[in-house]
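Enquirer: So that we are looking at the same thing, I have put the structure below in structure tokens.
What follows is calculated from the coordinates using simple rules that are stated; it is not laboratory data. Everything numeric in this text was worked out from a predicted model, so none of it was measured. A quick note on method: Cβ atoms are made from the backbone with ideal geometry, for glycine too, and the neighbour counts reach across all protein chains shown.
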Amino acid sequence: MISDQEKFRPIRRMLTGVLAVQLVIAAFLFLGDVGRDFVLPSRGPAAPEFDRPTRPGDQTRRYDPTLPSGPGVETGPMPERLILERVDDDTALLTGKIEPGDGARIAKQIAASEAGTILLHSPGGSVRDAMELGRALRQAGKATAMREGDVCLSACPYIFAAGTERQAEEGARIGLHQHYYGENTLLPAFLAVQDIQRGQGEVMEYLEEMGVDPMLMAPGLATPPQSIYLLSREEMERYDLVTS
């Protein structure tokens, strides 16, 4: 039998490496505040446009939180805050950016909804609100799903992970990245490293609670906030993010 210590050793190693990277980022931010002309070194060409098809090894795309709806869903820009809309007797659509306060607000609507399945289409936003809403969704016994053309990015996958059943059609895009932690100011840049580590621990516990492999975080932690790592179908299944 594998002990808990051995089970979580790879995750601890991953987070140790991430902490080192974040300390380097904090140092760059410090230098950037001391000297306004300081520029981070180039990491190569910008990520391709979001709509460009992915393939294994080529899954990082440009992140745009104002992404319009894609094929198979209604056109138009993303709502500025989460909106829960009825689709039919057993389905509701949760769409829009996840803003602070949306967790508690939408959780009440989820509890009152008779829909058994919640469709997701969101560019992400507040991680804490996503997890608050996810726990409410799990408590209400709702399934989550995505249609062809739907996107679930940044913090949105944490809501998707809460479904009692989780389905994503071909053409649905689920993506992760590092969570942006604030403006480029001197002292908060260093204090933010502690907050990031605390937040990552909370997300790991949340994913474990939802029955999703916490290693789902790995590709996101390696992807800068201005980009998004789009999961392959094989990765969705490997991390138990989808149930069918």
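Enquirer: Amide H to amide H, which residues 5 or more places from SER227 or on other chains are under 5 Å from it, using H placed in the peptide plane?
Expert: HN-HN under 5 Å from SER227: TYR63.
Enquirer: Beta carbons within 10 angstrom, averaged per residue: use that to sort the peptides 128-138, 106-116, 163-173, highest first. Don't jump to the answer; show the numbers that get you there.
Expert: Values: 128-138: 22.4, 106-116: 15.6, 163-173: 17.5.
Ranking the peptides 128-138, 106-116, 163-173 by packing returns 128-138, 163-173, 106-116.
Enquirer: With a ≥ b ≥ c the root eigenvalues of the C-alpha gyration tensor of region 95-173, is it rounded (a/c under 1.5), prolate (a/b larger than b/c) or oblate?
Expert: Since a/c reaches 1.5 but b/c is at least a/b, the shape of region 95-173 is classed as oblate.
Enquirer: Can you give the relative contact order of region 89-134 as a percent, counting alpha carbon pairs under 8 Å and 6+ residues apart? It would help to have the intermediate numbers written out before the result.
Expert: Values: 62 pairs, mean separation 26.6, N = 46.
Worked out over region 89-134, it gives 58 percent.
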